[in-house]
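Take a look at the structure below.
The values are calculated or read from the model by the stated rules, or taken from the named source; none is laboratory data. Computed from a predicted structure; not experimentally measured. Positions of Cβ are backbone-derived with ideal geometry, glycine not excepted, and every protein chain shown enters the neighbour counts. Each accessible area value is taken on the protein alone, full model and side chains, heavy atoms only, with ligands, DNA and RNA left out. Shrake-Rupley method; radii C 1.70, N 1.55, O 1.52, S 1.80 Å.
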Amino acid sequence: LSVVLGRLTSGIIKLFFDLGEDTLLFNICQSIILAVLVIFWQRKVEKLNWRMMGFRRLKPREIILSVCCGGLICLLLLLLALAEQCFAEQMTVQALVRAAEEASTRSMIIKICFLSIVIAPISEEIMFRGFIYRKLKDATDERWGIIITSVLFGVLHFDLYRLFSLILAAVGLNILRERHDSLYASMLAHSVWNALMLGLVFCF
C-alpha cells in the first residue's frame, strides 16, 4: 500500500513542481507513507498510546549516548567494509551511495540528505524497532525479538555483501531502543550513522 500511494503521491507532486529525477522523490514519499500507516495501525487498530509505541522523550544524557552509539556503528561498519574488501574482488555499491556519488545538482544533494538523515531513520525505526520488534518480543522474548528483527533489517536492504554488517548495526539499534525504552534513541543513532556515512561519500 505504501508503494502504491508513494507512486501516486510522487506523481502528483511532480505535476506541480519540477523536481527532476523522481526515484528519490518516490522513496521519500513511500517512506513517509509507510511510517504514517504503521502509526495509524497501532493507534486505531491496536489502541496503543504514544508511550506504548516507543515515543518516550530522551534525557540529555540519553541523547548524547545515542549520538555516540551512532558514531560507533558507523566506525564499526567502516572497519568491516575494509575487511570485506580483502575477501571480495569487487564490492557492489549501494543505490543511495551511488546516487550520492553521482549527485550533480543542489536539489539532488538536498533530497539525498533529507532521505538518508531524516526520513529513512524515522520510517525504518518505526517499522522495525517500533512495530516488528514489539510484535516479535511479545510473541517470543527480547533476545529472539532482537535477532529476528535484525536479520529482517539486513535482508530487506537487499545487500548481500553488507548483510552481516547491517545485521550487527541493527542489533545495536535494537539494544539501544530496548535499553532506553524509546524509539527516539534508535532514530537518533540511525540518523547519525547515515549522516556520517553520507558525509564520507560527499567528502571522498
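Observations on the structure shown:
- Candidate set from the range 136-164 (those that are over 14 Å from the mean Cα position of the chain (by Cα) and of a type in the set (Gly, Ala, Ser)); member that is surrounded by the fewest Cβ atoms within 10 Å (Cβ to Cβ): Ala139
- Among the residues of the range 110-135, the ones that are under 13 Å from the mean Cα position of the chain (by Cα) and among the aromatic types (Phe, Trp, Tyr) come to 2 in all.
- Residue check, Ile119 part of a helix (DSSP H, G or I), within 30 Å of Arg51 (Cβ to Cβ), open to solvent by less than 60 Å² (accessible area, probe 1.4 Å) and modelled with pLDDT of 90 or more: yes
- Members of the range 174-204 that are of a type in the set (Ser, Thr, Tyr) and either open to solvent by 20 Å² or more (accessible area, probe 1.4 Å) or within 14 Å of Ala120 (Cα to Cα) (or both): Tyr184, Ser186, Ser191
- Subset of the range 42-78 [hydrophobic (A, V, I, L, M, F, W, C), free of Cβ contacts under 8 Å to residues at least 60 places away in the same chain, part of a helix (DSSP H, G or I) and open to solvent by 100 Å² or more (accessible area, probe 1.4 Å)]: Ile64
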